[in-house]
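Peer 1: Before I ask anything, here is the structure I am working with.
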Amino acid sequence: MATTIPAIKADAETRMKKCIEVLKNELMKLRTGRASAQLLDHLRVDYYGSDVPISQVANVTVTDARTITVVPWEKPMVVAVERAIMTSDLGLTPNTAGQTIRIVLPPLTEQRRKDLAKVVSHEGENTKVAIRNVRRDANHHCKELLKAKAITEDDDRRAEEDIQKLTDRMVKEVDAVTRQKEDELMQL
């Protein structure tokens, strides 16, 4: 537990920023109409008994706006990479020609775009809840310092105000990230 107000604030800010990073990583997995190499980042393949990301066994490139090309470095990995893509939650079907795997992203329907926008909104709300939980913990630590008479009531009130300002700033950042992703999804 942090023993000073600046340490409590710094810890809270670090934890809130991690919440936002997790949100950004989750939103990267959501498929827009545009191809992106990061779309496959979370997929893992069996490489001689080890579970490794696709990027460690193959070149993943974007050939055009709607096509991702995956070229495994070893011929036996073609089947494993293809299987990982087909069994993923992305709903993509790879086309294999020799050692080259091409993934063509189908256009998103209006309904699918709206569903994905709801998912983005839901992820944003979850992140806001996580940020508020960090705020609650930080305020709790300040109250403990007050009970231990390590700080005055004025210090506690100022710390709570600063933590609330930090929370408001982080919530605005979450709103900006989710709005940007929703805009990206709604573009044709």
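Peer 1: Which order do the peptides 57-70, 145-158 come out in when sorted by mean C-beta neighbours inside 10 angstrom, highest first? Write down the numbers at each step before the final one.
Peer 2: On the way: 57-70: 16.8, 145-158: 12.6.
Highest-to-lowest ranking by the protection proxy: 57-70, 145-158.
Peer 1: If the cut-off is a Cα-Cα distance under 16 Å, which aspartates and glutamates reach LYS24, setting aside same-chain residues fewer than 8 apart in sequence?
Peer 2: ASP41, GLU123, GLU125, GLU173, ASP175, GLU182, ASP183, GLU184
Peer 1: Same structure, new question: In angstroms, what radius of gyration and Dmax does the chain have, counting Cα atoms only?
Peer 2: 22.3, 72
Peer 1: With viscosity set to 0.890 mPa s at 25 °C, what whole-number translational diffusion coefficient in µm²/s follows for the stretch 37-104 from Stokes-Einstein and a Kirkwood radius over Cα pairs?
Peer 2: On the way: Rh = 11.7 Å.
Stokes-Einstein gives a translational diffusion coefficient of 209 µm²/s.
Peer 1: Quickly estimate the mean residue ellipticity at 222 nm for the chain, helices only: each DSSP H run with n ≥ 4 gives -39500 (n - 2.57), and the total goes over all residues, rounded to 500.
Peer 2: Working: 4 runs with 107 residues, N = 188.
Computed ellipticity for the chain at 222 nm equals -20500 deg cm²/dmol.
Peer 1: A 21 angstrom limit on the alpha carbon distance is what I want to check against. Which of LYS17/LYS165; LYS9/LYS147; LYS147/LYS172; LYS9/LYS181; LYS114/LYS181; LYS128/LYS149 exceed it?
Peer 2: Working: LYS17/LYS165 14 Å; LYS9/LYS147 18 Å; LYS147/LYS172 32 Å; LYS9/LYS181 29 Å; LYS114/LYS181 12 Å; LYS128/LYS149 32 Å.
In this structure, LYS147/LYS172; LYS9/LYS181; LYS128/LYS149 exceed 21 Å between Cα atoms.
Peer 1: If you don't mind, there's one more thing I want to ask. Return the distance in nm (one decimal) between the two label points of a simple spin-label model at GLU161 and LYS118, each offset 7 Å from Cα along Cα→Cβ.
Peer 2: With each label placed 7 Å out from Cα toward Cβ, I get 4.3 nm.
Peer 1: Another one. Counting only complete DSSP H runs, which helices of the chain cover 27 Å or more along their long axis at the Cα atoms and score a mean Kyte-Doolittle of -1.0 or above?
Peer 2: 5-29
Read-outs throughout are calculated quantities, based only on the coordinates presented, and are distinct from any laboratory measurement. Everything numeric here is computed off the predicted structure, so don't read it as measured data. Cβ coordinates were reconstructed from backbone atoms using ideal geometry, including for glycine residues, and neighbour counts include every protein chain displayed.
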